[in-house]
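Read the figures in this text as sums done on the coordinates, not as results from a lab. From a predicted model like this one, the values you see are computed outputs, not experimental measurements. Positions of Cβ are backbone-derived with ideal geometry, glycine not excepted, and every protein chain shown enters the neighbour counts.
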Amino acid sequence: MTDILHRLIADDGKFFGLACTTTDLVGEACRKHDVGPTAAAALGRALTGAALLAALLKDGQYVQLKFEGSGPLGKIITEAGYDGWTRGYVANPRADVPLKAGKIDVASGLGRAGFLTVTKDIGVKSKYQGMTQLYTSEIGEDIAYYLLESEQTPSVVALGVHLQPDGTISAAGGFLIQALPPVDDGLITGLEERIRQLPPFSEQLRSGKSPADILAELFAGIPHHPTASTGLYYQCSCSREKMRSAVFSLGNDELRYLLEQEDGGAEVQCEFCRDSYRFSREDLEKLLSLSERKQ
Ligand code: ZN
């Protein structure tokens, strides 16, 4: 595991920044889901965005981002925990759109019209949910727009994924900068101006800079200091037990239907990691009798 998230804060406490590399975890996600180039870039950005938002939470909490656009990629769901785990998938991982000015066109892949729903699991069975329309469908700007509109937190979010010609991930990462209350809007505007003068984020990654280097450059001239850092990794939380409850929740009719099929068993695949769980005829019969007894 080499992916890492760095945090730094301005000495005057007016704003803070997060920067992360996600090359390995995005590469792993892309292999698991056998994605095409458009899905690789979109999923990579969405996973990186989730990792950044999770870093704003507390220990044990996690966040889910759901992008639902009108484009061929379909729904993109990513989740990340404060502890550093991430997982995610794209509904149509092989869907592709033509390059735009020689670059992968994430916005057309996701589609211009649609919604971003952010769900935060903040423990003790309480969830916080917010939804905004997609802003540019480039993922990073949609997250910044969500933070501003739904959480009234002015933020700068930049996400980048760079692919080799053979489709493997050569660099991925991102940063997020937020002003702390009382918010000085001028600070964010100044930073945005500085970012506009720099080459695009994925180009900077490609030139060998790490997201932490890029963030340090943005904070140049602003007294700041690092705080904690967190290792990031791809990890799914699925288990045979969880899948068994999912099969159980299908209900009597569906379980009877599965038992009537030729092999009488069921194979369930996890959407997030594509691991398969096999339930035999005996397993399903047990679940059905449990389910019947409940009624
Ligand atoms: Zn899984």
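Quick one: of 66/100; 58/127; 66/120; 32/120; 58/120, which pairs are farther than 19 Å apart, Cα to Cα?
66/100; 32/120
Please state the relative contact order of segment 73-151 as a whole percent: Cα pairs under 8 Å, 6+ residues apart?
For segment 73-151, the relative contact order is 21 percent.
Enumerate the calculated ³J(HN,Hα) couplings along segment 106-120 in order (Karplus 6.51 cos²θ - 1.76 cosθ + 1.60, θ = phi - 60°), each rounded to whole Hz, writing x wherever the residue is Gly or Pro.
Result, rounded to whole Hz: 4, 4, 6, x, 6, x, 6, 9, x, 9, 10, 10, 10, 10, 10.
Can you run phi through the Karplus equation (6.51, -1.76, 1.60; θ = phi - 60°) for segment 134-149 and list ³J(HN,Hα) in whole Hz, with x for Gly and Pro?
Values, residue by residue: 5, 9, 10, 6, 8, 6, x, 5, 5, 5, 4, 5, 4, 4, 6, 6 Hz.
What spacing in nm lies between the two simple spin-label points modelled at residue 241 and residue 164, each 7 Å away from Cα in the Cβ direction?
4.0 nm
Can you list the lysines whose alpha carbon is less than 25 Å from that of residue 294, not counting same-chain residues fewer than 8 positions off?
The qualifying lysines are 125, 242, 286.
For every other residue with a beta carbon closer than 13 angstrom to the beta carbon of residue 150, add +1 if it is Lys or Arg and -1 if Asp or Glu, then tell me the sum.
-2
With springs only between Cα atoms under 10 Å, which of 144, 55, 246 fluctuates most in a Gaussian network model of the chain?
246
GNM, the chain, Cα, under 10 Å: largest mean-square fluctuation among 253, 283, 24?
Of 253, 283, 24, the Gaussian network model singles out 253 as fluctuating most.
What is the gain in length, in nm to one decimal, between residue 14 and residue 113 on full extension, counting 0.36 nm per residue of separation less the C-alpha to C-alpha distance?
Net length gain for the segment: 32.2 nm.
Taking amide H atoms as placed 1.01 Å from N in the peptide plane, list the residues 5 or more away in sequence, or in a different chain, whose amide H sits under 5 Å from that of residue 163.
Those lying under 5 Å, H to H, from residue 163 are 170.
Once amide H atoms are placed 1.01 Å from N in the peptide plane, what residues at a sequence separation of 5 or more from residue 136, or on another chain, have their amide H within under 5 Å of its amide H?
142
Using only DSSP helix segments of four residues or longer, with each worth -39500 (n - 2.57), what per-residue ellipticity at 222 nm results for the chain after dividing by its residue count and rounding to 500?
Value at 222 nm, helices only, nearest 500: -10500 deg cm²/dmol.
Determine the dipole magnitude for segment 9-72: charges of +1 sit on the beta-carbon of Lys and Arg, -1 on that of Asp and Glu, nothing else is charged, the reference point is the Cα centre, and the result goes in debye to the nearest 20.
For this selection, approximately 160 debye.
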